[in-house]
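Please read the structure below before turning to the comments.
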Amino acid sequence: MAIIAYKDMHIPSIIEQMPMHRDWMDETFDRHAYQCFPVSMANRIGWSISFKEDIKFIWDGINSSQDGHVRIINGGEYVSTKRANRTVSFDTGIIFSPEYNISLLTMPPPNIFIDGIQCMTTITSTTALIGALPIAIMITRPNIEITIPAKTPIASVLPISLTEINNTELIIKSGYPDFMKDANWNKKIKDRSAASQEKNSKGEWTHFYRDAIDHNGEKMGEHEVKKILMKVTYEN
């Protein structure tokens, strides 16, 4: 699937696939966090929105519908406080073509944590959105200067189909599924768990879940995909 968007090059925003790298993951022992396949997969979901320079602001702690309680220190030409209610809005300069009837899920960047702020989660329709994609951030800590370092994602944008997920029903049944009642399956689970603990105690990685296999290398399920690719191509 290809989606067309237009970019105001005068606004220093960057849109690209969410990066794999996370500072806090680098700081774990032997970069252990990257061995967690579900986390690493989630890191790459969506297009990241960031800016080429540091963004700085401070909130005075007053939660009001009146503007003036957030002071922009750096980035004022594309960061607005007019929404008030301890939020700041970003002009991304990215306009999605209305010819594609899709929904855009804007959410906090996966596994990126910036003290004092939280990206607002929104769903917007490309055919009804007038102008550039907006991003709003809630300030959660007052009276401290908050800095979003240059090129740090402030949001992840993911195209979704509300039609496909609308009216989805989750049916909860009591007890356990039949495959978990199978003695051989339960033994396989216990053996895989024991093998995982043994390897982990030695500082080794099993990758059993990543490869969807048991401790003997036999298949145990499958992943829909094992690598997420969300390209961004610039054209004149």
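Read-outs throughout are calculated quantities, based only on the coordinates presented, and are distinct from any laboratory measurement. In this text the structure is predicted, and so the values were computed from the model without any measurement. Cβ: placed from backbone, ideal geometry, glycine included. Neighbour counts: every protein chain shown.
Points worth noting:
- Normalised by the number of residues in the chain, the average gap of Cα pairs under 8 Å and 6 or more apart makes the relative contact order 22 percent.
- Magnitude of the charge dipole, the stretch 170-223, Cβ model with Lys/Arg +1 and Asp/Glu -1, debye to 20: 160 debye
- Per residue, the convex hull volume that the Cα atoms of the stretch 170-223 enclose (Å³): 112 Å³
- The calculated FRET efficiency for the pair Asp60 and Thr28, based on their C-beta separation and a Förster distance of 30 Å, comes to about 0.25.
- Dipole of the stretch 170-223, positive direction: furthest Cα of Ile213, Leu170, Gly203, with charges on the beta-carbon: Leu170
- Set of aspartates and glutamates with alpha-carbon distance to Lys202 below 13 Å, sequence-local pairs under 8 removed: Asp30
- Between the labelled values [x] -0.70; [y] -0.58; [z] -0.85, the entry that holds log10 I(q)/I(0) by the Debye sum over Cα atoms at q = 0.12 Å⁻¹ as derived from this structure is [z].
- Segment Ile189..Leu162, full-extension length gain: 6.1 nm, with 0.36 nm per residue of separation and the alpha-carbon distance subtracted.
- Met138 versus Ser201: modelled label distance in nm, points set 7 Å from Cα along the beta carbon direction: 4.4 nm
- The stretch 142-236: radius of gyration over Cα atoms, expressed as a fraction of 2.2 N^0.38 Å: 1.74
- Contact order, relative form, for the stretch 46-117: 22 percent (alpha carbon pairs under 8 Å, 6 or more residues apart, mean separation divided by residue count).
- Between the residues Ala5, Val225, Asn63, the greatest Cα displacement towards the positive end of the dipole of the chain, with unit charges on the Cβ of Lys, Arg, Asp and Glu, is found for Val225.
- Whether the stretch 1-134 is rounded, prolate or oblate, judged on the alpha carbon gyration tensor where a/c under 1.5 counts as rounded: oblate
- Among the GluC sites (Glu not before Pro) within the stretch 1-94, those in coil by DSSP and having at most 15 neighbouring Cβ atoms inside 10 Å are Glu27, Glu53, Glu77.
- With neighbour counts taken as other beta-carbon atoms within 10 Å, the residues His215, His21 rank, fewest first, as His21, His215.
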